[in-house]
Amino acid sequence: MSTVLLDVRDIHAFYGSSQALFGMSFTVQAGQFVTLLGRNGMGKSSSVKAIMGLLQPSGGSIHLDGQDMAGQPSYKVARAGVGLVPEGRQIFPNLSVRENLMATAHNRQALSSPWTLQRIFDLFPRLAERAGNLGSNLSGGEQQMLAIGRALMTNPRLLILDEATEGLAPLIRAEIWQCLSDLKSLGLTIICIDKNLSSLLALADQHYIVEKGRVVWSGSSTELGAQRSHLHAYLGV
């Protein structure tokens, strides 16, 4: 029987006087790969910020494994087991690859096989080769690998990626998608925002299309593939 890991219910949120979320609601089952799809500015990143405690909801609820997280500061959300790969990567430019990874290392969930430096280097051999390099000296693709590795070093129950492959070269994108496929096969619960619909259709269990701060459609990859032309206006692809 599936267990709901994340339950986002009727979230409303504002940036100053401008409302960004108008009753955002979706659920994520443990072990699922879920997407938030839609055009730019429709509320996907705002939803992530609300989950992470970076945007305070004015109404609604966010439960992680039954624990009320709405309005909690971001460090408490992270400690509860949510790892974020933010848009723009936001790695520490003046720390080395090894230092970036070790800065967030913790096994608060007491996992029997936690993510370690060596496991990250096995997942991304490029990072092993550049272990002593500063974050500012990495390519965009290497920085994205580092951002994913940094999130994994927190040993999260839920991994959220905001624009997983934006601006990356095709070969690097393929490497990131393979990494996400591997993480899914390990049973990690994942929320992914990206514009590469073909890759998402191959990986995701459930999709949510966001329009003007609310979910306007949800369904499986099979259902989305069948209705892709009908949903074109929402996806912008």
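In table form, for the structure just shown:
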| quantity | calculated |
| --- | --- |
| Any chance Gln206 is within 16 Å of the chain's Cα centre (by Cα) and free of Cβ contacts under 8 Å to residues at least 24 places away in the same chain | no |
| For Val8: the one exception among (1) farther than 24 Å from Asp182 by Cβ; (2) surrounded by fewer than 21 Cβ atoms within 10 Å (Cβ to Cβ); (3) modelled with pLDDT of 95 or more | (2) |
| The range 88-142: number of residues that are of a type in the set (Gly, Ala, Ser) and closer than 19 Å to Ala169 by Cα | 6 |
| All positions within the range 124-171 that are aliphatic (A, V, I, L, M), part of a helix (DSSP H, G or I) and at pLDDT 95 or above | Leu127, Ala128, Met145, Leu146, Ala147, Ile148, Ala151, Leu152 |
| Test: Arg130 is in contact with a helix residue (DSSP H, G or I) (Cβ under 7 Å, 6 or more places away or on another chain), farther than 16 Å from Gly88 by Cβ, free of Cβ contacts under 8 Å to residues at least 40 places away in the same chain and among the charged types (D, E, K, R) | yes |
| Residue in the range 145-166 that is among the small types (Gly, Ala, Ser), more than 29 Å from His12 (Cα to Cα), in contact with a Leu (Cβ under 6 Å, 6 or more places away or on another chain) and buried (at least 20 other Cβ atoms within 10 Å of the Cβ) present | yes |
| Residues that are assigned to a loop (DSSP other than H, G, I, E, B) and closer than 30 Å to Ser113 by Cα, drawn from the range 187-234 | Gly187, Leu188, Asp194, Ala204, Asp205 |
| Whichever residue in the range 39-55 is of a type outside the set (A, V, I, L, M) and modelled with pLDDT of 95 or more and, among such residues, is surrounded by the most Cβ atoms within 10 Å (Cβ to Cβ) | Ser47 |
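The values are calculated or read from the model by the stated rules, or taken from the named source; none is laboratory data. A quick note: this is a predicted structure, and the numbers were derived from the prediction, not measured. We place every Cβ from the backbone using ideal geometry, glycine too, and count neighbours over all the protein chains shown.
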